[in-house]
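The values are calculated or read from the model by the stated rules, or taken from the named source; none is laboratory data. Computed from a prediction, not measured in an experiment: that's the story for all the values here. FYI the Cβ positions are ideal-geometry reconstructions off the backbone, even for glycines, and counts take in every protein chain you see.
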Amino acid sequence: MVIATLPADEARCQTNLTVLCQDDLMRFNLAATRTALGTTPGTRLAIAEAAARLGTTPRMLRYRERLGLLPGRRTGGGHRVYGERELLAAACAAGIEERYAVTPVAVAFALQVLADPDAQADVRLLGALSHRIAPTPIAALDFEAQKGRSLLHLGAAVPAHPPSS
């Protein structure tokens, strides 16, 4: 069942998707996925039709929505509705899960890390401590600045000239 209600922000969403595709910010091929899913900017599908196009189940779509992997849109009657952006988000999430052999929960956590500066800092610290990622250049500069301050404090404690007797 195709539902044909167009949200007010559809043009903005379409522009953002096109920019992502043109800038090639992701390894995910939006144009090829649009073609494979048979979507257009005005596409509106009920959950069963969306799941069929994606090769998944309605239950998995609801699960990914609860995890925040795809936006949840509803009709006035409260039924889920899937447009092009939702279908592409679901396909992108599934592609990431397959490519990196991770669960939907892991992908949801990755999104949280990208969106939450505190989570990002914690994960970056873990990466540095476990030698999985290099410290940021700013951290290296902070270390050098701290080392310089320590040397200045040491220099202040030692007189420049020995006291004369």
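Quick look at the numbers
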read-out: Residue list for segment 46-56, filter: in a helix (DSSP H, G or I) and buried (at least 16 other Cβ atoms within 10 Å of the Cβ); value: Ile47, Glu49, Ala50, Ala51, Arg53, Leu54
read-out: Selection count, segment 100-111, where residues are touching a residue at least 24 places away in the same chain (Cβ under 8 Å) and either polar (S, T, N, Q) or loosely packed, with under 13 Cβ neighbours inside 10 Å (or both); value: 1
read-out: Residue that is farthest from Leu69 (Cα to Cα), among those in segment 99-122 that are assigned to a helix (DSSP H, G or I) and either polar (S, T, N, Q) or touching a strand residue (DSSP E or B) at 6+ places or on another chain (Cβ under 9 Å) (or both); value: Gln120
read-out: Positions within segment 57-98 being in a strand (DSSP E or B), free of Cβ contacts under 8 Å to residues at least 40 places away in the same chain and not charged (D, E, K, R), in sequence order; value: Tyr82
read-out: Qualifying position, being at pLDDT 50 or above and either surrounded by fewer than 12 Cβ atoms within 10 Å (Cβ to Cβ) or not acidic (Asp, Glu) (or both), among Leu37, Leu20; value: Leu37
read-out: Meets criteria (out of contact with any helix residue (DSSP H, G or I) (no Cβ under 8 Å at 6 or more places or on another chain), on the phi > 0 side of the Ramachandran plot and at pLDDT 95 or above) for Ala101; value: yes
